[in-house]
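Have a look at the structure below, then the notes.
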Amino acid sequence: MPRKLFLLLSLFIFVGSFAQTERKRDSLQKLLDIYNRAHSSKVSQSDTVKVNLLYKLADTYCATNPDQAIVYYNQSIKLSRQIHYTFGIGKGYNYFGRLHIDKGNFQLAIANLNRAIAIFEKNPACKDLGVSYGLMGQSYLFLNNFAQSLKYLNAGLTIFEPLHEYRKMASLTNNIAILYGKINEKEKELAFYQKALKILDVHVPNHHLDLRYTILSNIASMYADKRAYQKSNALLYECYAYQKKVQDVVGMAYSEQHLGTNCKNQKRYVQALDLFNKALVNFSKNDYKSGIGDSFRNIGEVYFLLHQLDAAEAFTLKGLRISQEIGEIESVKFAYENLAKIYREKKNYKAAFENQMLFKTMSDSMFNTEINNKLTQIQLEYEFKKKQDALKEATLHEANKQKKIKYVVLISLFLLSLVTIGIYINSKKMQKQRNIIQRQKEQIESSLREKETLLKEIHHRVKNNLQIISSLLNMQSEEISDPVVLATIQEGQSRVQAMSLIHQNLYQSDEIHKVNVDNYLKELVAYLSDLFGAKSKNIEVLVETIDLKFDFDTAIPLGLMVNELVANAFKYAFTEKEGGTIKVAIKALNKVDYELKVTDNGHGLARDFDLQKLKSLGLKLVSILSKQLRGNLSIAQSKNETSFVVMFKDLKEYNATQI
């Protein structure tokens, strides 16, 4: 009989204990009530906040009350459509996909996830697209469509790896391990489980324990396959204790199912039957059809081993009907195999033959799929080897050509040496000098490369540290309900991101001492647009620069000033206006002096606004930074536009003129 692995548990989220979930649910409900009282008049673009609150609230019901979760998901999608919030609609399809996977409705899950992918593919680096791919790979894995599963799991990893989403990376790697286990590639299966554990241990130690125990449970199943039942049971009981502590009923059911399978294989049928019945109860609490179907089939198999054939037939047929309903091919196949054995013992040879043929047909179908996958792999390896051979042949041909040229040169030198000893001696001296110069040049170039590598590593580590700070602020913000404190934390995040992008540009650039201002500003305003929901508010941000490159000392203050001025425009310029434009422009006045202008067509400044009496920390920071760049801050306001103008100097060029 097959072992059922933990494909579902904690794929992308960590539910936590029941008490934690209850507290989170209460907090979200209070926030939703406050929001509804404050925005009771009409639907508006700012209702994206309500959409996300509804999604988070629904999420707290997934494990305990799926029907209530569906109610909130439907409300979220309906509101997203009303305010034309396409990403909100896509998130809804993702949530429905996950919910259908939890219930074992894999075809419905795939249909919803395809709708989500169609929305998110417009932004290929979108985290939500990675979630769609991961859930899609999981669905196809349940359906034994290994080629499609691996395609989507790898696509998800491609998105999450650059984002350092370690939880999601480990989860997808765990599912790839399961895939290799299903096609009996045991070494690769174990290697990917170990890789998944390493991701968690190295990057997020002592976190995401639910996923860690899921992986350990799968490794326990590998021990069971090798008949190392003592090791397997020890791991499973460790997992079960954790799952019981956090009230993860589906996880408990899977552990009970694995333990029951171990007992059955050791001919401890009474204990096995007790464990399978407990698993059935826990799977039924969540209406988890995949687990329910397998539990019925497992109970049927134990009754067969106990020679209670009528009970064995009844339970196996129940399991078969559920597995057929959700399209879980592997479970259907093994149900047919069990029925063939049962009918053979009941001497119903016609039914036994029919079920054995159905089992063989499905086995052949799965076997052919595996052959096709392996043939594809062999073909790819062949093409790769062919390219390698061609490259080797070309390299050998080039080496022979160079060898011939070398011989011609040596013969020419020899003949020349016969003509005149003097020329030969001079030639040797020159050759020695060239060798010395070449070695010195290589040493200098090697030293420069080492220094450049070190600088890039420093920028990379600084960028990573700033990202960690940003992530910590983001985690903290989830626990804060006060809008003022939340806005303050978001401002801090944007400033950290402004500095992080500088270091990212430097370590990715071939010129490690200069920042490409155009690329940097576009990345910065894209981040701010996402942070302040520019799309949902119909606000367009434009960047106009020439081919500018500044050194680190100029780029950092410049980036922080742009961050503050654009964030200021998002927060205050369009509070009473639907849509608008923010334009960031930098132009060179000469080799040293530059002008930064951030313009918006919002409702303008207050009449009593005085630049000399600034209360805003952001504008105070801009004023200080402009002086740091030997410049100043001013304001230009017309009927339709407000412009903050900063005159500044390129510090490197300015310092050079002072020498």
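Numerical summary
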quantity: Percent accessible area from carbon and sulfur atoms, region 545-659, protein chains only, probe 1.4 Å; calculated: 49
quantity: Packing rank of 232-245, 96-109, 342-355, where each peptide gets the mean count of other beta carbons within 10 Å, highest leading; calculated: 96-109, 232-245, 342-355
quantity: Alpha-carbon centroid distance for the pair region 263-318 / region 62-86, whole angstrom; calculated: 36
quantity: Cβ-derived FRET efficiency at R0 25 Å, Asn114 paired with Ile83, nearest 0.05; calculated: 0.60
quantity: Surface accessible to a 1.4 Å probe, per residue, for the residues of region 552-659, Å²; calculated: 53
quantity: Contour minus Cα-Cα distance for Asn538 and Leu396 (0.36 nm per residue); calculated: 45.1 nm
quantity: Cβ-placed point charges (K, R +1; D, E -1), dipole of region 126-228 about Cα centre in debye, nearest 20; calculated: 160
quantity: 1.4 Å probe accessible area per residue over region 104-228, in Å²; calculated: 41
quantity: Alpha-carbon radius of gyration plus Dmax, which is the widest Cα pair, for region 281-338 in Å; calculated: 10.7, 31
quantity: Sequence ranges 399-406, 545-552, 214-221, ranked by mean other-Cβ count within 10 angstrom, highest first; calculated: 214-221, 545-552, 399-406
quantity: Cα gyration tensor shape for region 159-233, rounded if a/c is under 1.5, else prolate or oblate; calculated: oblate
quantity: Whole-percent pair-distance distribution, where bins are 5 Å wide, for the alpha carbons of region 50-167; calculated: 2, 13, 21, 22, 21, 14, 6, 1
quantity: Sites matching chymotrypsin sites (Phe, Trp or Tyr not before Pro) across region 563-659 that sit in DSSP coil, with at most 14 neighbouring C-beta atoms within 10 Å; calculated: Phe609
quantity: Burial ranking of peptide ranges 137-149, 259-271 (average Cβ count within 10 Å, highest at the top); calculated: 137-149, 259-271
quantity: 5 angstrom amide H check on Ile582, placed H, neighbours 5+ away; calculated: Glu540, Val541, Leu542
quantity: Carbon + sulfur, % of accessible area of region 124-239 - ligands and nucleic acids excluded, 1.4 Å; calculated: 54
quantity: For region 187-317, size of Cβ-based charge dipole, Lys and Arg +1, Asp and Glu -1, in debye; calculated: 340
quantity: Paramagnetic label zone (point 7 Å from Cα along Cα-to-C-beta, Gln107; backbone N under 13 Å) in region 316-341; calculated: 323-329
quantity: Cα-based equivalent ellipsoid, region 542-591: semi-axes from gyration tensor eigenvalues, Å; calculated: 26, 13, 7
quantity: For region 154-194, convex hull of alpha carbons as volume per residue, Å³; calculated: 55
quantity: Efficiency of FRET between Glu161 and Glu238 - r from beta-carbon atoms, R0 30 angstrom, step 0.05; calculated: 0.50
quantity: Estimated FRET transfer efficiency (Lys195, Asn52; beta-carbon r; R0 41 Å; 0.05); calculated: 0.80
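The values are calculated or read from the model by the stated rules, or taken from the named source; none is laboratory data. Quantities reported herein were computed from a predicted structural model and do not represent experimental measurements. Reconstructed Cβ throughout: ideal geometry from the backbone, glycine too, with neighbour counts over all protein chains shown. Heavy atoms of the whole protein, side chains included, go into the accessibility calculation; ligands, DNA and RNA do not. Shrake-Rupley method; radii C 1.70, N 1.55, O 1.52, S 1.80 Å.
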